[in-house]
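Asks: The following block contains the structure, expressed as structure tokens.
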Amino acid sequence: KYATNWGIKMRSKSERTIGNKLEEYGVAYRYDSLVILDLATVSPDFSDSETGLDDSILEIFGKEGDPEYDKNNARKIEVYHDAGFLEHSNLIITREKDLENPELLEDIIERFLLVDLLPACSASAPVGILSQSRPQPPPAS
């Protein structure tokens, strides 16, 4: 629906904004791909996958205020915690309003890029173009 500068199709404008910023930094990321944790399989919005193991996860919570959505997010966060992911460390959670402030967005991206912790889980094989492990820039014109 919403393509990044490198042509990765995202489900929302917020995800495209984050994807474009990661691409601007030249970051290899996985989008919406399956990540196998100890007790569950999840599909985070973005994961950092330089080694084939996911070192950090970035989630965008864009529909806050919907009771079912909020309940599902609380469960997802609990699963991440159980697998060793912690907010402001290797689990970065953003909200729609965070993307309105360019300085805050830069800080979020830098935290995503600078995470240097031991891998907490293993990732499944990429699922189509939506989860390619190394987005590539378009060919130079």
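The values are calculated or read from the model by the stated rules, or taken from the named source; none is laboratory data. Treat the numbers as computed from the prediction; the structure is a model and nothing was measured. Neighbour counts run over all protein chains shown; Cβ positions are idealised from the backbone, glycine included. Protein only, heavy atoms only, side chains kept; ligands, DNA and RNA dropped before computing areas. Shrake-Rupley method; radii C 1.70, N 1.55, O 1.52, S 1.80 Å.
Asks: Looking only at region 41-60, count how many residues are open to solvent by 30 Å² or more (accessible area, probe 1.4 Å) and not aliphatic (A, V, I, L, M). Spell out the reasoning first.
Replies: Quick first cut of region 41-60, residues open to solvent by 30 Å² or more (accessible area, probe 1.4 Å) only: 41, 43, 50-53.
If we keep only those that are not aliphatic (A, V, I, L, M) too, we end up with 41, 43, 50-52.
So the count comes out to 5.
Asks: Select from region 67-88 the residues that are part of a loop (DSSP other than H, G, I, E, B) and either of a type in the set (Gly, Ala, Ser) or loosely packed, with under 11 Cβ neighbours inside 10 Å (or both) and list them in ascending order.
Replies: Hits for region 67-88 are Ala83, Gly84, His88.
Asks: Select from region 3-40 the residues that are closer than 23 Å to Glu96 by Cβ and open to solvent by 70 Å² or more (accessible area, probe 1.4 Å) and write down the one among them that is nearest to the chain's Cα centre (by Cα).
Replies: My answer is Arg16.
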